[in-house]
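Structure first, then comments.
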Amino acid sequence: MLNLGILISGRGSNMEAILKTIKRKKIPINAAIVISNNPDARGLGVARKFGVNTAVIDSKNFKGSRKEFDEKIISILKKNKVTPKNGLVCLAGFMRILSPEFVKKYKNKIVNIHPALLPAFPGLDAQKQAIEYGAKYSGCTVHFVDSGVDTGPIILQKTVKILDDDTEETLAKRILVKEHQAYSEAVQLFAENKIKMIGRNVKIS
Ligand code: GAR
């Protein structure tokens with residue numbers, strides 16, 4: 001069976017949605033490890049409640065380079081059998097940019113969720129960006145991670161209408177509901193081997 005590693009930095013609600021769906025739908029993937037760069041991440045306690053192993057590498061107190069930090073992550077992933085051959089890594093609110101070495105080693109095995117319809121509004125504060133731009137729709141995107149910021153091949157997107165009186169918070173709340181659905185669906189598609197790549201186009205069978 002495939003092994004899943006989830007990387008978080010905080011609340012972990014996407015992680016929770018994925019773990020719930022795996023359990024409920026008996027998706028053929030083993031939730032092997034949750035790693036946080038923040039020792040106070042709420043998601044760590046949630047992962048433990050699901051009986052999933054957790055690990056912390058505190059990025060605030062880490063003295064080495066980005067590459068060295070990611071080597072530590074890779075060694076924990078490997079210890080938990082989340083390998084490029086037999087694993088999937090989900091970034092779920094993981095607020096760090098990965099080193100090119102990590103991305104290369106796990107090519108098309110790392111996925112991310114972003115709270116906007118990429119390629120619009122990449123980077124931080126995506127919901128605020130969408131409101132300030134005056135967009136009428138936003139949403140969320142699940143995509144493979146490549147060497148750019150939020151630029152990798154798109155797997156799934158879900159849209160949300162932006163209302164005239166939306167604030168960053170109200171929009172974020174509605175997008176989050178869609179994020180939980182989209183991320184769980186993407187993990188299921190990956191686990192069931194239904195995702196094929198043609199160049200940067202993702203085909204779902
Ligand atoms: C989510 O909205 C996710 O899309 C966003 O952080 C939040 C994490 O929430 N990620 C990014 O903005 C990455 N660029 P969660 O910890 O409750 O899943």
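The values are calculated or read from the model by the stated rules, or taken from the named source; none is laboratory data. Predicted model, so just to flag it, every value in this text is computed and none were measured. FYI the Cβ positions are ideal-geometry reconstructions off the backbone, even for glycines, and counts take in every protein chain you see. Only protein heavy atoms, including side chains, enter the accessible area calculation; ligands, DNA and RNA are left aside. Shrake-Rupley method; radii C 1.70, N 1.55, O 1.52, S 1.80 Å.
General observations
- Potential lengthening between LYS20 and PHE62 on full extension [0.36 nm per residue; Cα-Cα distance subtracted]: 11.9 nm
- Prolate/oblate/rounded label for the chain (Cα gyration tensor, a/c 1.5): rounded
- Net charge dipole, the chain: roughly 1040 debye, given to the nearest 20, about the Cα centre with Cβ charges of +1 for Lys and Arg and -1 for Asp and Glu.
- Net length gained if the chain between GLU169 and ASN86 were fully extended (0.36 nm per residue, minus Cα distance): 26.1 nm
- Expressed as a whole percent, the accessible area of the chain that falls on carbon and sulfur atoms is 53 (1.4 Å probe).
- The residues of the chain present an accessible area of 52 Å² per residue when probed at 1.4 Å with all protein chains retained.
- Extent of the stretch 152-205 along its three principal axes (Cα atoms, max minus min coordinate, largest first): 40, 20, 15 Å.
- Highest mean packing first, where packing is the average number of other Cβ atoms within 10 Å per residue, the peptides 83-89, 3-9, 190-196 line up as 3-9, 83-89, 190-196.
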